[in-house]
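Presented below is the structure to which this report refers.
The values are calculated or read from the model by the stated rules, or taken from the named source; none is laboratory data. Note that the structure is predicted; figures quoted are calculated from it, not measured. Cβ placement follows ideal geometry from the backbone for every residue including glycine, while neighbour counts extend to all protein chains displayed. SASA here: full protein model, heavy atoms, side chains in, ligands and nucleic acids out. Shrake-Rupley method; radii C 1.70, N 1.55, O 1.52, S 1.80 Å.
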Amino acid sequence: LTLDTMNAAVRRVEYAVRGPIVARALQLEKELKEGVPKPFSEVIKANIGDAHAMGQTPITFLRQVTALCLCPELMANPSIPNDAKERARRLLAACGGQSVGSYSASPGLDVVREDVARYIERRDGVPARAQDIYLSTGASDGIMNMLKLLVGGCGPSRTGVLIPIPQYPLYSAALAELDAVQLNYFLNEERGWGLDVAELRRAVSEGRGHCQPRALCVINPGNPTGGHGVTSHSRIPGIPGSLQVYQDNVYAPGCAFHSFKKVLMEMGPPYSESVELASFHSISKGFMGECGLRGGYMEVVNLDPAVKEQLGKLVSVRLCPPVLGQLVLDVVMNPPQPGEPSYERFQAEKTAVLSALAQKAQLTQEIFNKTPGIHCNPVQGAMYSFPRIDLPPKAVAAAKAQDQSPDMFFCMRLLEETGICVIPGSGFGQREGTFHFRMTILPPTEKLQVLLEKLSCFYTKFVREFS
């Protein structure tokens, strides 16, 4: 097996969030441990939304239920509240042999799917059915399965999928792997990275010239932009695919999360009865940040029953999602209620996480926008900022001489000189002639402020050097 004989589609896959700049950051960490002199004392990995790795404290109730399910003898521990024990008993009763080490049904544990459906009903005020819920290994697994169902054809009949630019690179990587056509629609940076229906129409029209557009992806709230993406019902057209893992992370005044399913149902027939929608959620983001436990769900609406059978077959190939991730998802869907022993602590911890993120979102845009040449939209949602940077022509030329995109050149220099690891905008897509970088706002507030000021100072120095 060689590069020439391997699957060519895999060779085309790129994933910027864990790409070459992150590999260099890991190498620099190793060099620091070995005593190699550097102009910084630590590498700050602001490249990925990994909350616990950045110091966020896990939510106590989630971990208590998880611990009880893994180690049932803890039920005898009087320091663990009774509502956590009740949740654990209920979940263990649904597991084969009352053990999290057993397989579940391929779409997930029935009790968890029921709880997800009830959660969606409370959130949206419209009915949801457990049989439309498929639990997954984070949101990514569900997205891949849905794309596998959609993709087919060759030549002008190849499937085209509209994705937002800037985008989360899972989509470009997945479409490359599946040999589908990526159809870009650009978010409006001047309008807070908003979704523009006229731009969607342009992308569809152009796509029809060389492929068959079949699906539209919307990330709401936005990753990598930190934009809320959709701020009112009137901005939402019928959407076939929606990633909604940041629905708890909405910070801007006047903004609220609107699920696509709710709006679709409010549109009424024929849309509510015919538009096929797949929505995805995950325990990795929000206030939970349980990235490593790999839990999530997909809800499908108006999917052909025969296609649902094929989806069931597809998810069965991997036997089942991680059961531990399913159990944590259940607790997120069915949290402590008023009057239960854990309610006040749970609410306090959840509020503290989201309040801190809102403060850090404000801090990020304020510090960046004080620096001439850095333009940062308000961080309305999610947990990232995506500032635009002006780069001098000499810097652009120096980047081309090293066969790098200008923003990659900037980000690599930033890493080598400051230890700050952020991802160039070219890894997510951006309008021609513009340059950006994505960074997470997850570091503790004091550390984030230092990071932002250090990055801004480096940018000013970099511009001076190449002017």
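Seen from a random direction on average, the alpha-carbon convex hull of the stretch 88-333 projects onto 13.3 square nanometres. Taking 7 Å steps out from each Cα toward its Cβ at GLU206 and ARG11 produces label points 2.7 nm apart.
Taking the accessible area of the stretch 88-333, probe 1.4 Å, and keeping the other protein chains in place, the carbon and sulfur fraction comes to 53%.
Just to verify a number: what accessible area does SER205 come out at with the full protein assembly present, 1.4 Å probe, Å² rounded to tens? It works out to around 80 Å².
The overall shape of the chain is oblate: from the C-alpha gyration tensor, with semi-axes ordered a ≥ b ≥ c, the ratio a/c is 1.5 or greater and a/b is no larger than b/c. Spacing of the modelled spin labels on GLU416 and ALA105, each 7 Å from Cα toward Cβ, amounts to 5.6 nm.
At the residue level, THR137 shows approximately 40 square angstrom of accessible surface with a 1.4 angstrom probe and all protein chains present. Computed on protein heavy atoms with a 1.4 Å probe, the accessible areas place ARG388, ARG464 in the order ARG464, ARG388, largest first.
Of the residues LEU150, LEU135, ranked by 1.4 Å probe accessible area with the largest first, the sequence reads LEU150, LEU135.
Using helices alone, what [θ] at 222 nm do you get for the chain, with -39,500 (n - 2.57) per DSSP H run of 4 or more residues, divided over all residues and rounded to the nearest 500?
Details: 16 runs with 194 residues, N = 467.
Value at 222 nm, helices only: -13000 deg cm²/dmol.
At a threshold of 8 angstrom on Cα-Cα distance, excluding pairs fewer than six apart, so keeping six or more, what relative contact order does the stretch 88-333 reach in percent? Don't jump to the answer; show the numbers that get you there.
Details: 455 pairs, mean separation 61.6, N = 246.
For the stretch 88-333, the relative contact order is 25 percent.
For the stretch 291-334, the residues whose amide N sits under 14 Å from a probe point set 7 Å from the Cα of VAL126 along the beta carbon direction are 299-303.
Evaluating 6.51 cos²θ - 1.76 cosθ + 1.60 at θ = phi - 60° for every residue in the stretch 105-115, the Karplus couplings come out as 4, 4, x, x, 5, 4, 5, 6, 4, 5, 5 Hz, glycine and proline recorded as x.
Take the solvent-accessible surface of the protein heavy atoms, probe 1.4 Å, and return the percent of it on the stretch 350-434 that carbon and sulfur atoms account for.
Numbers: 1730 of 3320 Å².
Result for the stretch 350-434: 52 percent of the exposed heavy-atom area is carbon or sulfur.
Less than 5 angstrom separates the built amide H of ILE165 from those of TYR185, PHE186, LEU187, all sequence-distant by 5 or more or on a different chain. Nonpolar atom fraction for the stretch 43-84, defined as the carbon and sulfur part of the 1.4 Å probe accessible area, stands at 59 percent. Averaging Cα coordinates gives a centre for the stretch 22-82 and one for the stretch 363-392; these two points are 27 Å apart. Note on TYR297: accessible area is roughly 10 Å² with a 1.4 Å probe, heavy atoms of protein only.
Counting heavy atoms of the protein chains only and a 1.4 Å probe, report the per residue accessible area for the chain as a whole number of Å².
On the way: 20020 Å² over 467 residues.
Spelled out: the 1.4 Å probe surface of the chain, per residue, equals 43 Å².
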